[in-house]
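Structure first, then comments.
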Amino acid sequence: KKRYEDGNLSSKELFAVQIESIEAIHTVVSNIWISEEVIELADYYIESTIESSKDGNNLYGLLKSLYLDNNYIFVQAHLTAYIISSFFRFISWLNKDHEKRYIFASLFQNACIDEDYLAMIQSTEVLEFEKLSSKQKDKVLKHPTRVIELLKEHPLFNTDIKNALLNHHERPSGEGFP
């Protein structure tokens, strides 16, 4: 762990850490009743999103930097993708295209935040938010809009994805933001 935190891993060791993290995520997801079929399908969409982003305007580099860290943002993106894929098994009117688009959105939902503790803030009403500098608050509050700017030319981007990204911190109670 210390070598990982210090950045002293070879690319082969880093890849092994990434695989271990994904396996840990799979274990957690399996324990919350998400089937192996759903995990495999979500993984397929995740991989195809990464591949399709190679042609985009720095999207691939952004994803690559997020995935190198195996941090909260990385884990949250994967868990969200698995939950989305599982949800789509129960809603018959949603199709594979919808699923692929929402998994795409899940991978980028916090892409403009590079600090885990900022990505964990879910409301402007919490003490953690109040303690932030004005620059950090701005980063938290504007990250959905910044992500949309990055993604708006991608073929999977549409109005539904825009709305999902803009509102991914909103809560039914009215807490959260944009």
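The values are calculated or read from the model by the stated rules, or taken from the named source; none is laboratory data. Just so you know, these numbers come straight off a predicted model, no measurement behind them. Cβ sites come from the backbone with ideal geometry, for glycine too, and all protein chains shown count toward neighbours. To get the accessible areas, we keep the full protein, side chains included, count just its heavy atoms, and leave off ligands, DNA and RNA. Shrake-Rupley method; radii C 1.70, N 1.55, O 1.52, S 1.80 Å.
With the checklist (1) surrounded by fewer than 16 Cβ atoms within 10 Å (Cβ to Cβ); (2) in a helix (DSSP H, G or I); (3) of a type outside the set (S, T, N, Q) in hand, flag the one item Leu94 doesn't pass. The single condition Leu94 does not satisfy is (2). Out of Leu107, Leu150, Leu118, one residue alone is in contact (Cβ under 8 Å) with a residue 60 or more places away in the chain, touching a helix residue (DSSP H, G or I) at 6+ places or on another chain (Cβ under 6 Å), on the phi < 0 side of the Ramachandran plot and surrounded by 15 or more Cβ atoms within 10 Å (Cβ to Cβ). It is Leu107.
Taking the criterion of being more than 23 Å from Tyr60 (Cβ to Cβ), surrounded by 12 or more Cβ atoms within 10 Å (Cβ to Cβ) and among the polar types (S, T, N, Q), the residues of the range 153-177 that qualify are Asn163, Asn167. Just so you know, in the range 153-178 the residues that are touching a Gly at 6+ places or on another chain (Cβ under 7 Å) and in contact (Cβ under 8 Å) with a residue 24 or more places away in the chain include one that is farthest from Ser53 (Cα to Cα), and it is His169.
When the residues of the range 121-140 are filtered to those that are in a loop (DSSP other than H, G, I, E, B) and at pLDDT below 90, the one that is most open to solvent (accessible area, probe 1.4 Å) is Glu125. Restrict the check to the range 141-160 and report whether at least one residue is of a type in the set (A, V, I, L, M, F, W, C), more than 26 Å from Glu99 (Cα to Cα) and in a helix (DSSP H, G or I). Scanning the range 141-160, I find at least one residue that is of a type in the set (A, V, I, L, M, F, W, C), more than 26 Å from Glu99 (Cα to Cα) and in a helix (DSSP H, G or I), so the answer is yes. Arg89 meets each of the listed conditions (1) open to solvent by less than 50 Å² (accessible area, probe 1.4 Å); (2) modelled with pLDDT under 85 apart from (1). Here Tyr44 fits the description: part of a helix (DSSP H, G or I), open to solvent by 60 Å² or more (accessible area, probe 1.4 Å) and either at pLDDT 75 or above or in contact with a Gly (Cβ under 7 Å, 6 or more places away or on another chain) (or both).
Can Gln76 be described as touching a residue at least 24 places away in the same chain (Cβ under 8 Å) and either open to solvent by 50 Å² or more (accessible area, probe 1.4 Å) or more than 18 Å from Leu156 (Cβ to Cβ) (or both)? Yes, satisfied.
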